[in-house]
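To start, the structure itself, in structure tokens.
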Amino acid sequence: MLEALANGTQLTPGQRELVGSMARSGRRVQLAIAPAGTGKTTAMRTLGAAWTESGGTVIGLAPSAAAAKALADQLDVPCDTLAKLTWSLDHPDQPQPAWMAAIGADSLVVIDEAGMADTLSLDRAIEHIVGRGGSVRLIGDDRQLSAIGAGGVPADIEAAVGACRLVEVLRFDDPAEAEASLALREGRAEALGYYLDHDRIHVGDMATMAHAVLDAWTQDHANGLDAANARPDQGPRHRAEPARAAAPPRRPHHARSRHRVGRRLHRSRRRPGDHPRQRPPVAGRQP
């Protein structure tokens with residue numbers, strides 16, 4: 001922690017407590033609940049540096065490739081997906097990734113976004129890592145978007161054996177906005193008061209709001225800012241085309257990819273054994 005401070009990284013009391021607990025608890029598996037913006041990345045980077053300098057190795061896992069890439073950039077350690085680990089366990093005849101073969105008694109495996117991982121994948125990963133003598137640190141948010149498969153195990157772990165927590169939001173300069181983000185995360189209606197007072201909520205019919213979103217998106221891109229928008233439909237196509245033309249170039253989209261997807265969905269509706277050209281029999285006719 002002193003080294004992090006000397007290098008310009010100021011840890012909050014909560015971050016220092018989390019790093020100290022996860023480094024010295026002696027637990028093979030430990031959970032940290034960290035809402036967005038509470039500085040979990042800085043804490044995990046400090047923990048990883050301490051573990052490495054003590055002679056150990058650190059590996060990162062995440063539910064998605066994008067999350068694994070982000071974790072690798074943040075921790076500067078080998079990172080991959082949970083799916084890669086479980087796939088390798090299911091295919092022992094295939095060569096294992098180097099990071100997986102290196103897991104041993106001095107290994108610390110950080111599983112980021114643990115709340116978005118399904119329980120079965122987490123169970124298999126933890127069983128394998130602990131079975132090889134390694135230690136696991138689960139990092140996530142129990143109020144985050146849950147896994148596609150059966151999930152929610154971080155809340156059960158905290159209820160059974162407890163968890164470390166980061167509660168101070170560092171992402172916002174305005175303390176009131178930080179509190180509002182936590183209240184919104186907890187589903188408290190009074191959180192809307194802050195956003196209404198600061199003109200963050202706009203009301204209108206679908207067409208009006210679609211135009212407003214597109215105008216804001218276009219203006220951001222014109223100012224050189226990255227921007228994203230989410231809408232329940234495609235919005236006004238006649239206005240979207242000029243905006244797309246002015247936006248930064250994107251990866252070419254193959255013209256036939258929609259057809260492939262549609263054909264794939266159509267085939268998925270067939271019953272087992274159906275021939276692609278076979279039609280269902282019509283009553284009163286011979287098949």
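List the residues whose amide H sits under 5 Å from the amide H of residue 31, counting only those 5 or more places along or on another chain, with H placed 1.01 Å from N in the peptide plane.
So residue 31 has HN proximity to 138, 164.
What three numbers, in Å, describe the spread of the alpha carbons of region 1-101 along their principal axes, ordered from the longest?
46, 29, 24
For the peptides 107-120, 55-68, what is the packing order when you average, over each peptide's residues, the other Cβ atoms within 10 Å and list the highest mean first?
Descending mean neighbour count gives 107-120, 55-68.
Given the peptides 25-31, 197-203, arrange them by the average over their residues of other C-beta atoms within 10 Å, most packed first.
Final packing ranking: 25-31, 197-203.
Can you give me the orientation-averaged projected area of the convex hull built on the Cα atoms of region 20-178, in nm²?
9.6 nm²
Report, largest value first, the span of the C-alpha coordinates of region 166-233 along each principal axis, in whole Å.
Principal axes ranked by extent give 36, 29, 21 Å for the Cα atoms.
How high is the relative contact order of region 25-168, given as a whole-number percent (alpha carbon pairs under 8 Å, six or more residues apart)?
Reported as a whole number, the value is 34 percent.
On the protein heavy atoms, probe 1.4 angstrom, tell me the percent of accessible surface of region 50-97 carried by carbon and sulfur.
Answer for region 50-97 is 55 percent, counting heavy atoms of protein chains only.
Please work out the average accessible area per residue across region 2-142, using the 1.4 Å probe convention, and give it in Å².
Heavy-atom accessible area per residue stands at 45 Å².
The values are calculated or read from the model by the stated rules, or taken from the named source; none is laboratory data. Keep in mind that what you see is a predicted model, and the values were worked out from it rather than measured. Ideal geometry is used to build each Cβ from the backbone, glycine not excepted, and the neighbour counts take in all protein chains shown. These accessible areas exclude ligands, DNA and RNA; they are computed on the full protein's heavy atoms, side chains included. Shrake-Rupley method; radii C 1.70, N 1.55, O 1.52, S 1.80 Å.
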